[in-house]
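This report refers to the structure that appears directly beneath it.
The values are calculated or read from the model by the stated rules, or taken from the named source; none is laboratory data. Since this is a predicted model, take the numbers as computed values, not measurements. No Cβ is skipped: glycine too gets one built from the backbone with ideal geometry, and neighbour counts run over all protein chains shown.
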Amino acid sequence: MSNINSESGIEPALYLVATPIGNLGDMTTRAVEVLQNVDIIAAEDTRHSQKLLNHLGIRNKLMACHEHNEQQVLPQLMQRLQNGESIALISDAGTPLISDPGYRLVAMAHEQQIRVTPVPGACAAIAALSAAGLATDRFSFEGFLPAKQQARLRALQALAQESRTLVFYESCHRIEACLRDMVEAFGEARRITFARELTKTFETVRQMSLGECLQWVRQDANQQKGEIVLVVAGAEPSETSQTELSQLLNVLLDELPLKQSAALASRITGVNKNACYQLALTLKQHD
Ligand code: SAM
């Protein structure tokens, strides 16, 4: 433990402390020591975090720091850090700042040359990725997709040719709609790992095709509950070339209307519908 001094407590710094994402056994020894020794703990939801502190037997001061009160508490927190105090930032679960608040505080601490130090631990995205059985050498963390359908589909279509593994957080209320849009944007053959309730009693980690995943989630209401990470395989670099797609579309356009040709080409190749539509449009214009 390099940063704990038994006499003075702890080195002044802003500590980003990860907390469990379900299983309380995932709290690290160092995280407990830091939370015990800092001058104050800034928490996303103090009532929620108080339960964790009680469980761990930690008696330390908590103050709320979330996106709605950030403007008010930020100057106070910065003042304390400048006075040489130590602060730990925690979120409701997992690693702070990963789809959680804290960005402005950390950015400001860097601006003011205050030491910022992570105390790593659980993170749902990394836990899901490690268990996904999909490429992990390059991945893109996409966080939460837009809640509105049109915006979500557009965001997914923009990722259709991304070759890195994609990691998404999704609310259980939108999971079916999200998978439906993924099928539309990525094609039903694309592999996905559905990671639900990680580290908890009903933990589920299953890899299958996107089409299978949509059917399964539709048919099993239990899969529409709890917390979910979706890990989606990246686009194959060798997927249908532009020339092959043009050839296929030309054949289809000879027989069918544009929209139907694009939809069929998308189903056959797995290339996203919008990309097929745009190419079909270009081909038609140059016909
Ligand atoms: N900072 C957190 C982390 O490090 O994972 C993420 C916070 S974000 C507000 C909450 C989202 O993370 C959930 O909606 C879900 O997508 C994912 N998540 C959190 N805990 C999870 C778990 N135990 N199993 C699966 N997904 C989880």
- Scan (1) over 29 Å from Glu170 (Cβ atoms); (2) out of contact with any helix residue (DSSP H, G or I) (no Cβ under 6 Å at 6 or more places or on another chain); (3) surrounded by 16 or more Cβ atoms within 10 Å (Cβ to Cβ) for the single condition Ser91 breaks and write down its number. (1)
- Item | Meets criteria (in contact (Cβ under 8 Å) with a residue 40 or more places away in the chain, within 12 Å of the ligand (Cβ to nearest atom) and outside the structural domain of Gln82 (by TED's automatic domain parsing)) for Phe186 | no
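So which of Ala262, Ala275, Ala177 ends up being under 28 Å from the mean Cα position of the chain (by Cα), part of a helix (DSSP H, G or I) and at pLDDT 90 or above? Show your work before the answer.
Numbers: Ala262 fails: under 28 Å from the mean Cα position of the chain (by Cα); Ala275 fails: at pLDDT 90 or above.
Step by step, each of Ala262, Ala275, Ala177 is checked, and only Ala177 is under 28 Å from the mean Cα position of the chain (by Cα), part of a helix (DSSP H, G or I) and at pLDDT 90 or above.
Is it the case that His110 is part of a loop (DSSP other than H, G, I, E, B) and over 19 Å from Leu35 (Cβ atoms)?
Values: part of a loop (DSSP other than H, G, I, E, B): no; over 19 Å from Leu35 (Cβ atoms): yes.
No, not satisfied.
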- Item | Test for Leu198: is it at pLDDT 95 or above, assigned to a strand (DSSP E or B) and within 16 Å of the ligand (Cβ to nearest atom) | no
- Are any residues in the range 129-156 small (Gly, Ala, Ser), in contact (Cβ under 8 Å) with a residue 12 or more places away in the chain and closer than 16 Å to Arg191 by Cα, and if so, which ones? Ala131, Ala132, Gly133, Ala135, Ser140
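Just to verify a result, which residue in the range 200-258, among those that are among the β-branched types (Val, Ile, Thr) and free of Cβ contacts under 8 Å to residues at least 24 places away in the same chain, is nearest to Val271 (Cα to Cα)?
Thr243
Could you check, for the range 229-238, whether at least one of its residues is in contact with a Lys or Arg (Cβ under 7 Å, 6 or more places away or on another chain), surrounded by fewer than 20 Cβ atoms within 10 Å (Cβ to Cβ) and more than 27 Å from Gly94 (Cα to Cα)?
Step one: of the range 229-238, the residues in contact with a Lys or Arg (Cβ under 7 Å, 6 or more places away or on another chain) are 232-234.
Next cut, surrounded by fewer than 20 Cβ atoms within 10 Å (Cβ to Cβ) only: none.
Scanning the range 229-238 turns up no residue that is in contact with a Lys or Arg (Cβ under 7 Å, 6 or more places away or on another chain), surrounded by fewer than 20 Cβ atoms within 10 Å (Cβ to Cβ) and more than 27 Å from Gly94 (Cα to Cα).
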- Task: Only residues that are in a loop (DSSP other than H, G, I, E, B) and either not assigned by TED's automatic domain parsing to the domain that holds Asn37 or not hydrophobic (A, V, I, L, M, F, W, C) (or both): list them for the range 96-107, please.
- Result: Pro96, Ser99, Asp100, Pro101, Gly102
- Query: Among the residues of the range 128-146, is there at least one that is basic (Lys, Arg) and within 30 Å of Cys178 (Cα to Cα)?
  - Reply: yes
- Query: Taking the range 201-213, which residues are among the hydroxyl-bearing types (Ser, Thr, Tyr) and either part of a strand (DSSP E or B) or not assigned by TED's automatic domain parsing to the domain that holds Thr136 (or both)?
  - Reply: Thr204, Ser209
- Query: Does the range 62-76 include one or more residues that are under 21 Å from Ala43 (Cβ atoms), crowded, with 17+ Cβ neighbours inside 10 Å, free of Cβ contacts under 8 Å to residues at least 24 places away in the same chain and more than 19 Å from the chain's Cα centre (by Cα)?
  - Reply: yes
- Note on the structure: Being surrounded by fewer than 23 Cβ atoms within 10 Å (Cβ to Cβ) and on the phi > 0 side of the Ramachandran plot narrows Glu203, Glu184, Glu197, Glu188 down to just Glu197
- Residues within the range 142-155 that are crowded, with 21+ Cβ neighbours inside 10 Å and within 16 Å of the ligand (Cβ to nearest atom), tallied: 2
